[in-house]
Each structure stands twice: as structure tokens, then as C-alpha cells.
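Report on the structure given below.
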Amino acid sequence: MKKFLVGVIGLALTLSLAACGNKDENSSGKNIRVGTKDFTENLIVGELYSLALEDAGYKVERVPNIAGSVIHTSLINDEIDLYPEYTGTGLLTILKMDLITDPQKVYDTVKEEYDKQFNVTWLDYSQANDGAGLVIRTDVSKELGITTITDLQKHASELRFASQGEVDQREDGIPVLEKVYGKLDWKSSKVYDNGLKYEILKNNEADVAPAYTTEGQLVNTDEFTLLEDDKQVWPPYNLAPVIRNEVLEENPEIAEAINKVSATLDTKTITALNAKVDVDKEEYEEVAKEYYKSIK
């Protein structure tokens, strides 16, 4: 009987301690939900944030592949705690404000307005700019001496444009370019699926296409040349984490952990990381892990 009572007491004590342990873990405030949009670059950067937070002692729940059209809503509805965003997206798409081309002014504007309107903080922005651009076949660039959009405008009538449709209409697309550089009177313009544009260029079916400035294929400079926006028409899309104020106030260490990552990211670095996934077909988690080890 004595052994039985000791066993019961021991079991009760074990269960009690286990319950306390679970309670402490679940109420510690150390669980952070990191969301990402549904494309390579955002997945890589979100994984970098996650690795940094885990190193800082947080338990991270990864919530990947959220559509760009709903990820902001997911944040303010407390479905995620933070995610990588772009300053230009915040300014034009979320806040629907007028175009600004100075990176610091864009950041200062979105930081102030997000705090007022959404109770969300923008942490430090990186030098990585995933903005709009135009890519030209390198052989055509060399033949016609085209390295800037000013050069391109002069030769537009000799060039075939591979459009994605949307870029022809968007406020921050071709229309804003033509206001500053003049009419782009293409030799021809056909709409292609965005995912095919580099194949279209490579196969000599077109000469110029819209691009984002950190696309992995741009590492292949023998075939593709990103044109310089020499009059700085397009707005910057600098990468930066956005986080709910409540989460940051409860966990101020998050800012230091993630800002250290952002400080290492520039356009060339992000482009190279994207290339490892989109060109070399590596897994984004492994690419992020390898890069994170290199900056620790």
C-alpha cells in the first residue's frame, strides 16, 4: 500500500511539473510567427529572419507562401507577427500615396504612416532594392550602345518589347517612364507570361523586357543587361521587416536580431541568393542557412 501511495504521489508530481512546464513554454511570449510572400526572394529573406530569431532564443512558426494581396491583412489581423515587405509596396499599394523616388523619404513616410494607421513598425531597411527595371539582351546592348533608359528611348523603334501587360498600365510602370524619358515607340510589343521572359529573350524572340532588379537570372550578364534608370524615375522597393507594435513591445530584442540581417543585404547579394534558387535550383531553406552562417 505504501509503495502504491508513493507511486501515485510521484506520478501526480510528474504530471504537475509537466503541466507547469507546458504552461511556461506557451505563455513565455517567445513564439513568433514569421510570414512570407509567395516568391523566392521573400521566402529566402523570411527564412533569414527566422534563423536570426531562433538564434536569439525565440521559437519560430514559419507561415510561408502568403499571397501578396493578403499578407498585409494577415499581419494587422494578428495571423502573423512580422514579414519582409518593400518600401515601395507600402507607399503605393498599401497606403496609396503619391510616388516618391528618394529611398529615405519613402522609408520615413511608410514608417510614420504604418505606425499611425496600423500599429505596425518598419524596422531598418536594407540596401537591397527589388524595384522595377528593364532588361535588354547583352548582345543588343553592346551593338547599339544601350546601357541606360535614356539610350533605350533613342533606339526603341529598333527593338522588340516583351511586355507582361500589367507593366504597360501601372502608374509605376511604362507610363511614368514615358512622362520623363519620352515615348517608347517599340518596333513591336507582344504580351508574354512573366515567367517566360528570359527564355523569350534568350531565344531572340524579343530584345527588351520588364524586370525586377534582383531577379536571379540577372547574374548572367553575358546574356542579360539591366538598364540604368539614369533619371531615377522608378520608386525604390527596399526590403525591410514590418512587425506588429504589440509584438515588438513585448519582445524588443527582435529588432536587433533582424536588423543585423538587414544590414548585410544589398541588391547584388539578394540577386545572387535568388539565382541559387531560381537558376541553380537549390532549396531556398538551404540557401538561407548557408548565407546566414556566413554572416554570423
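A few comments on the model shown:
- In terms of packing, defined here as the mean over residues of other Cβ atoms within 10 angstrom, the peptides 220-228, 200-208 line up highest first as 200-208, 220-228.
- Neighbour net charge for residue 105 - beta-carbon separation under 14 angstrom, K R +1, D E -1: -4
- Net dipole in debye of the chain [+1 Lys, Arg Cβ; -1 Asp, Glu Cβ; about Cα centre; nearest 20]: 700 debye
- Estimated distance in nm for a label pair at residue 183 and residue 98, the labels positioned 7 Å out from Cα along Cα-to-Cβ: 2.8 nm
- Measuring how big the stretch 187-231 is from its alpha-carbon positions, Rg and Dmax come out at 10.8, 30 Å.
- Mean Cβ count within 10 Å, highest first, over the residues of peptides 112-121, 257-266, 83-92: 83-92, 257-266, 112-121
- Value at 222 nm in deg cm²/dmol, rounded to 500, when DSSP H runs of n ≥ 4 in the chain each add -39,500 (n - 2.57): -13500 deg cm²/dmol
- Other residues lying with their Cβ under 9 Å from the Cβ of residue 276 contribute a combined charge of -4, Lys and Arg counting +1, Asp and Glu -1.
- Magnitude of the charge dipole, the stretch 182-232, Cβ model with Lys/Arg +1 and Asp/Glu -1, debye to 20: 220 debye
- Beta bridge orientation in the chain: antiparallel %, DSSP, nearest 5: 55 percent
- Cross-link reach list, aspartates and glutamates versus residue 179, counting only Cα pairs under 16 Å and skipping chain neighbours closer than eight places: 98, 151, 168, 171, 229, 230
- Environment charge at residue 80 (Cβ cut-off 14 Å; Lys +1, Arg +1, Asp -1, Glu -1): -3
- DSSP-defined antiparallel bridges as percent of all bridges, the stretch 132-226, nearest 5: 60 percent
- Residue pairs, from the table 30/293; 105/187; 197/289; 96/197; 231/289; 96/231, whose Cα atoms sit over 26 Å apart: 105/187; 197/289; 96/197; 231/289
- Distance histogram in 10 Å bins (all Cα pairs of the stretch 132-226, percent per bin): 17, 57, 26, 0
Each value in this text was obtained by applying a stated rule to the coordinates, not by laboratory testing. Predicted, not measured: the structure shown is a model, and the values here were computed from it. As a convention, Cβ positions derive from the backbone with ideal geometry for all residues, glycine included, and neighbour counts pool all protein chains shown.
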